[in-house]
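The structure appears below as C-alpha cells.
The values are calculated or read from the model by the stated rules, or taken from the named source; none is laboratory data. Everything quoted here is computed from the prediction, not taken from an experiment. Ideal geometry is used to build each Cβ from the backbone, glycine not excepted, and the neighbour counts take in all protein chains shown.
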Amino acid sequence: MSLMYRKAAQMLQKCSHGRGIKGVLFEKEDQSLKKLYAVVHKCLQDLNILHRLYKVHLSKVCKNKYLGIVLLCELVQRKKIDGGGKLKREVMKREKEILQLYNDLKEEENRKQSNDISQSKIQTKYFTIYEEGNIIAEELKRTLEIEKDEDVEMLYKINSKNVKKLIDSSFYKQDKIRIIDKTSCLVVQSGNIKKGMVIVDVCSSPGSKAIFSLFYLNKKGYLICIEKDRKRCYTLLKEILKNNEYVGLYTDDNFSDKNKFELNENNFFSKKKDLHVYYIKHIDNELTIKIYNCDFFSLSSKDFSPFHSIDVVFIDPSCSSSGMPDFALKEKMRSAFYSTGGSGSGEGSGSGEGSGSGEGSGSGEGSGSGEGSGRGEESRSGDVVELANARGGEVAPSVKEDIDAVVETKRKKVRNANYNMYSDIARGVIPQVPATLTRKVKRLSDFQKKILNHALVNLKTAKTFIYSTCSFFEEENEQVVENALQENQNLCLENAGKEKFLFRSGKYIFSDKCVRTFPEKHSCRGIFVSRICRTG
C-alpha cells in the first residue's frame, strides 16, 4: 500500500482533534505535499458519507478508521487504490457495493442541500494596498478586474478565480498589497478610528485588525497589540513589518539602534526568547506600536496607566469560528467521530477552536471532556421517579423540576442531532449550537465573558470597546454583551456599522445596534460586532 495513504490518515486523525488542515500539512516538509492536501481535503468534504461507508464495509477488517476512510475516498474518487496489500484487496472485493452505497448517499445529501446555498463558496475576496496613490490600483484594474469595495474605504475586491494571479503579481511578492478578509475591516471600521488616537488590540494575531487600524491612524498615534501565543506573536510582528514604512524591532520606546534587532526565528525563539515586549515605529516617528507577548489576564490597569485616555479597545477572543469557511468541515469531523449520546465518548477534541475574525487570543478552549456518561440522562431521571414510587412517596416539586429539565435537555439533543444550521444561516437567521458543540461553546462563552469584563475593568480610561467574534452563535455574542452590561455600570451600545449590516431580527434590546454578516447576503464570512461605550 502507498505510504502516502498512511501519511494522509495521520493527518486526518490530527484534523479530527481540531487542528486545521493547513497547519497539519505544513508541520513537516514532504515532497508529496500537494497530493496529501488533495487526499485529505477530499476526505473532509465527503467525511460523513465516507464514515458511513467505513462502518458498513470496513470496520471489521480495518481497525484504523482514518486509514479506512482515506482508502475509501481514493476508491470513490479515482476508482482505484495505489499499491498492494491485504487491506487494499479487502476494499476492492467490496468495490461494487461500496460505490453503489456511496452514490446513493451522495444523491441523498445533494437533495438535502439543494436549497442550502449558505455553504457555497464565497466568490469575492478582498485585499488592501500599502502604498499611497492609485498607480498599483490602476495597474491591477487593467489586468485583474479589481474594484473598490462599496462599504469599506481602502479595501478592494477581486473574484476568487483571479486570486492566484494576484498572488503571482510582483505587487504581492514585494509586499505592496495584503489579502485581508472584509470582516476584519468591518470590525476596525466600527471603531471609527481617527489620526492620532490610542488603540488597544487585545487579541491581535495574525494582524488583520492591527494592520487595518494603522491605515486609519494615518502615521500618527499609538497602537498596543497583545498576543499570548509565541508563534502567533511572531506572525503578527512579521505581518506588520511587511509594510516598509514601519521599522523594528526595538526593545524599548527610545528606538535607539543599540536596542534594535532583526526579526528572525533564531533571534525571536532563541536569543530573545525571554523578551516579551517589543516596539515598532513609523518612519515619520509619530506612530508607535507596542506589542505584548503575554496573557491579557496578566495585565492590569497599572500597565495602561501611562495613557490618560484610550480611544478604542478591540476584543476579538477565541471562538467556535462557526462563521469561518472551514467550520463546515470541522463540524463534519465532529459529527462523524464524536458521539453526543450516552456512549461516554468525548465531544471536545482537546484543542482550541479558532478565533474571532480569524484573529484569536492564543487561548485554547476545548477540553475533550465527554458529553455522555454511559447512561442517558433521561434514564437516570426515571430511576429517581421509580425509587420514589417504590417507597410510596412522591417526588419533591424541586426535584421534579430538575428531572423535567433533564428530560427536556435530552429531547433537545435528539432534535439537535438532525439539525442543519446552514439552513438557518442561508435565511439570515441565528443558528442553534449543534449538539456536538454545546459544551465547547459553553466554555468559550464563559471565557469570552471573562476577557470582555477584564478589559472593561482594567482599561479604565478607555472610551469605546469593540467586542467581536467570527461566530454565528448567540451564546458567544449577544449573551456575552448582555453579561457585560449586567456586570458593569455606565455602559451603552452604539451602532457598530452601516445600516445594511445591522441585525434587525434579534430578540435583545440592543440587537439592532450590532453587526451580523451572513456569507450569501454580504459576500463575506459570518461575524458579530458590537460597539460598547462608556456613558460616564
* Asked: Within region 127-158, how many residues are part of a strand (DSSP E or B) and either among the hydrophobic types (A, V, I, L, M, F, W, C) or surrounded by 15 or more Cβ atoms within 10 Å (Cβ to Cβ) (or both)?
  -> 6
* Asked: Can you spot a residue in region 435-457 that is among the charged types (D, E, K, R), over 18 Å from ARG516 (Cα atoms), touching a residue at least 12 places away in the same chain (Cβ under 8 Å) and part of a loop (DSSP other than H, G, I, E, B)?
  -> no
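Which residue out of LYS498, LYS463 is touching a residue at least 24 places away in the same chain (Cβ under 8 Å), over 17 Å from the mean Cα position of the chain (by Cα) and under 21 Å from CYS203 (Cα atoms)?
Details: LYS498 fails: under 21 Å from CYS203 (Cα atoms).
Being touching a residue at least 24 places away in the same chain (Cβ under 8 Å), over 17 Å from the mean Cα position of the chain (by Cα) and under 21 Å from CYS203 (Cα atoms) holds for just one of LYS498, LYS463, which is LYS463.
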* Does at least one position in region 311-322 carry a residue that is over 30 Å from LYS440 (Cα atoms) and either of a type outside the set (Lys, Arg) or not in a loop (DSSP other than H, G, I, E, B) (or both)? -> yes
* **Matching residues, region 37-64, being buried (at least 21 other Cβ atoms within 10 Å of the Cβ) and under 19 Å from LEU3 (Cβ atoms)** => VAL39, VAL40, CYS43
* Structure fact -> Taking region 99-123 and the residues there that are surrounded by 15 or more Cβ atoms within 10 Å (Cβ to Cβ) and of a type in the set (Ser, Thr, Tyr), the one that is modelled with the lowest pLDDT would be SER118
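Filter region 461-472 down to the residues that are of a type in the set (S, T, N, Q) and touching a helix residue (DSSP H, G or I) at 6+ places or on another chain (Cβ under 8 Å), then identify the one that is surrounded by the fewest Cβ atoms within 10 Å (Cβ to Cβ). Break it down into steps so the answer makes sense when it comes.
Pass one, region 461-472, residues of a type in the set (S, T, N, Q): 461, 464, 468-469, 471.
Now narrow it down to the ones that are touching a helix residue (DSSP H, G or I) at 6+ places or on another chain (Cβ under 8 Å): 461, 468-469, 471.
Details: THR461: 14, SER468: 30, THR469: 31, SER471: 32.
Filtering region 461-472 for residues that are of a type in the set (S, T, N, Q) and touching a helix residue (DSSP H, G or I) at 6+ places or on another chain (Cβ under 8 Å), the one surrounded by the fewest Cβ atoms within 10 Å (Cβ to Cβ) comes out as THR461.
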* Asked: From the list GLU476, GLU494, GLU482, which residue is acidic (Asp, Glu), at pLDDT 95 or above, in contact with a strand residue (DSSP E or B) (Cβ under 7 Å, 6 or more places away or on another chain) and surrounded by fewer than 21 Cβ atoms within 10 Å (Cβ to Cβ)?
  -> GLU494
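Report whether or not SER423 is out of contact with any His (no Cβ under 8 Å at 6 or more places or on another chain), hydroxyl-bearing (Ser, Thr, Tyr), buried (at least 19 other Cβ atoms within 10 Å of the Cβ) and over 16 Å from ASP316 (Cβ atoms). Reasoning before the result, please.
Numbers: out of contact with any His (no Cβ under 8 Å at 6 or more places or on another chain): yes; hydroxyl-bearing (Ser, Thr, Tyr): yes; buried (at least 19 other Cβ atoms within 10 Å of the Cβ): no; over 16 Å from ASP316 (Cβ atoms): yes.
Criteria not met by SER423.
Only one of ASN483, ASN490 is on the phi > 0 side of the Ramachandran plot and in contact (Cβ under 8 Å) with a residue 12 or more places away in the chain. Can you tell me which? Even if it seems obvious, please write down each step before you answer.
Values: ASN483 fails: on the phi > 0 side of the Ramachandran plot.
ASN490 is the lone residue from the list that is on the phi > 0 side of the Ramachandran plot and in contact (Cβ under 8 Å) with a residue 12 or more places away in the chain.
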* Structure fact -> Here the residues within region 175-205 that are modelled with pLDDT under 95, farther than 21 Å from ASP151 by Cβ and surrounded by fewer than 22 Cβ atoms within 10 Å (Cβ to Cβ) are ASP175, LYS176
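Look at LYS521 and say whether it is in contact with a Gly (Cβ under 7 Å, 6 or more places away or on another chain), assigned to a helix (DSSP H, G or I) and touching a residue at least 40 places away in the same chain (Cβ under 8 Å).
Details: in contact with a Gly (Cβ under 7 Å, 6 or more places away or on another chain): yes; assigned to a helix (DSSP H, G or I): yes; touching a residue at least 40 places away in the same chain (Cβ under 8 Å): yes.
Taking the combined requirement at face value, the residue satisfies it.
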* **Residues satisfying the stated conditions in region 168-191, i.e. within 23 Å of the chain's Cα centre (by Cα) and without any contact (Cβ under 8 Å) to a residue 60 or more places away in the chain** => ILE179, ILE180, CYS185
* Of all residues in region 437-460 being among the aliphatic types (A, V, I, L, M) and closer than 17 Å to VAL200 by Cβ, the one that is surrounded by the fewest Cβ atoms within 10 Å (Cβ to Cβ) -> VAL457
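Quick one: which of LEU67, LEU44 is part of a helix (DSSP H, G or I) and at pLDDT 90 or above?
Values: LEU44 fails: at pLDDT 90 or above.
After applying the criteria, what remains is LEU67.
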